[in-house]
1. Residues G77, G69: which one is crowded, with 21+ Cβ neighbours inside 10 Å and small (G, A, S)?
2. Only residues in segment 98-110 that are among the aromatic types (F, W, Y) count as the first member; pair them with residues that are modelled with pLDDT of 90 or more, Cβ under 7 angstrom, at least 6 apart or cross-chain, and list the lot.
3. Among the numbered criteria (1) out of contact with any strand residue (DSSP E or B) (no Cβ under 6 Å at 6 or more places or on another chain); (2) surrounded by fewer than 19 Cβ atoms within 10 Å (Cβ to Cβ), which one does V187 miss?
4. Pick from segment 169-201 the residues that are part of a loop (DSSP other than H, G, I, E, B) and not charged (D, E, K, R): which of them is nearest to the chain's Cα centre (by Cα)?
5. Taking segment 343-365 as the region of interest, how many residues are buried (at least 24 other Cβ atoms within 10 Å of the Cβ) and hydroxyl-bearing (S, T, Y)?
6. Which ones in segment 284-300 are surrounded by fewer than 24 Cβ atoms within 10 Å (Cβ to Cβ) and in contact (Cβ under 8 Å) with a residue 60 or more places away in the chain?
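The values are calculated or read from the model by the stated rules, or taken from the named source; none is laboratory data. Every value quoted in this text rests on a predicted model; they were computed, and no experiment measured them. Quick reminder, even Gly has a Cβ in these numbers, built from the backbone with ideal geometry, and neighbours come from all protein chains shown.
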Amino acid sequence: MEGISTEIVRNRYMSELVSTGDRLLADVVREFVDREIRPYRREIEESTRTDFEFVREIQKKMVGMGLQGAFLPAEYGGMNLTAVLPYCLALEELSRGDPAIVCAMAGGAWAFRPAVLSDNKEVLKEFAPKFLGDDLYVACFAMTEPSGGCNIENVDMKGRGIHTRAYLDGDEWVINGAKLWPTNSGVSDVYCVVCNTDPSLGDEGIALIYVPVPIEGFSFGRFEDKAGFRSSREGDFYFDNVRVPKAWRAAGPGKDAELLEDNLIFARIFSAAWAVGIAQAALEEVMEFTAERKVAGRPIRQHSAVANIIADMIIDIQAGRDCYINAAYMYDHPELYGKRTTKYMLARGSLAKVFCCDAAVRVTNKAMELMGAYGYSIDYHVEKFWRDNKIIQLWEGGAQLGRLDVARGYYDYDQFYENEVYEEIEGIR
């Protein structure tokens, strides 16, 4: 039988953009995935339909790799890993195994970036040690609401779409509201909650406040039953006069809005890498299948029609990889490319996510077509990646808001142009 692939893996990344240390991280994670995740994909999926124990076992092994607290500053025992590029490389590799199983780790980095970037010593002193133990400690960035996550992530809304309210009562924040769909909800030990102190203040009213659980006034509803991405947990939860210390706000008026936008850009770039990892996994399944199976005495992939389809898959994957690596490099070097929360950087991050997610949809569809009924069978893994990929395309505002954010970076596009008619309509409301 011919070899499955002749690709030189280290040449997937340009050495001018990806450091030796970042490559080493990707290599270590790839080896972990090939050893601990890829052989057990089906058992992982089955565990999510029963007790989740197998998922937790693998997540605990990831804790041992040092990934859980890597985002923390060195003074708290972390690796000070706040750059997006190394996260992307690690995430692409983890996504090759099971794209959802990494959510427990990724949630911690996403939820605590605001505290790290603002150097909130009160928050870090309270929570950082818990990420550095041997046990799984899970965090959630609680953003999406029943009224629609897209409203929160739309920069033109300036916080007006955030309905979870927070007000100061002495030295405590009092929080009321509801969240829906945040990753790690229902299993997290601490939540970074996107709130609004006063909708009339615009960006000044946006507040990011940390809430540990269990705590009085916090209640959880139910887990979502999803088509894919089953190794992560999402659900709805509620705040009824939940009280936390005043110091547990990430930064302050105006600063929290900037931290929220920074988090959105960060997440869109690493979502692009997430999608590329899924597409790469689907390609690997197809490469093996089409090398082993024969038609008319030749391996399937030696037929020109199939070679053309595989080539299109490879083009989408490598173009997507180059796209997210470029965006990540720009984000990580503001001294060269300017402030990270500009509309242009939002556009570059959104561009990467939109393209990579669309590409992964195309790749997983092509993979299923090449494998026919076997691609649809649970005996193989293509159907799983086909299901897993779609949610990445839908989250963080979805593909359509992502396209609007691309437009914002290239010309003066304002979704809510406030002219006389707009003001008249607002008066009627």
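1. Of G77, G69, the one residue that is crowded, with 21+ Cβ neighbours inside 10 Å and small (G, A, S) is G69.
2. Hits for this filter: W110/F141; W110/N263; W110/A267.
3. Tallying (1) out of contact with any strand residue (DSSP E or B) (no Cβ under 6 Å at 6 or more places or on another chain); (2) surrounded by fewer than 19 Cβ atoms within 10 Å (Cβ to Cβ), V187 fails exactly one: (2).
4. Once the filter is applied, the top-ranked residue is N184.
5. Adding up the residues that qualify gives 2.
6. To start, the set of residues in segment 284-300 that are surrounded by fewer than 24 Cβ atoms within 10 Å (Cβ to Cβ) comprises 284-285, 287-300.
E284, E285, M287, E288, F289, T290, A291, E292, P299, I300 - these are the residues of segment 284-300 that are surrounded by fewer than 24 Cβ atoms within 10 Å (Cβ to Cβ) and in contact (Cβ under 8 Å) with a residue 60 or more places away in the chain.
Yes or no, residue by residue, for (1) in the same structural domain as A282 (by TED's automatic domain parsing); (2) modelled with pLDDT under 90; (3) under 22 Å from the mean Cα position of the chain (by Cα); (4) buried (at least 20 other Cβ atoms within 10 Å of the Cβ):
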{"position": "F385", "(1), (2), (3), (4)": "yes, no, yes, yes"}
{"position": "D388", "(1), (2), (3), (4)": "yes, no, yes, yes"}
{"position": "G397", "(1), (2), (3), (4)": "yes, yes, yes, yes"}
{"position": "R403", "(1), (2), (3), (4)": "yes, no, yes, no"}
{"position": "E418", "(1), (2), (3), (4)": "no, yes, no, no"}
{"position": "Y422", "(1), (2), (3), (4)": "no, yes, no, no"}
{"position": "I428", "(1), (2), (3), (4)": "no, yes, no, no"}
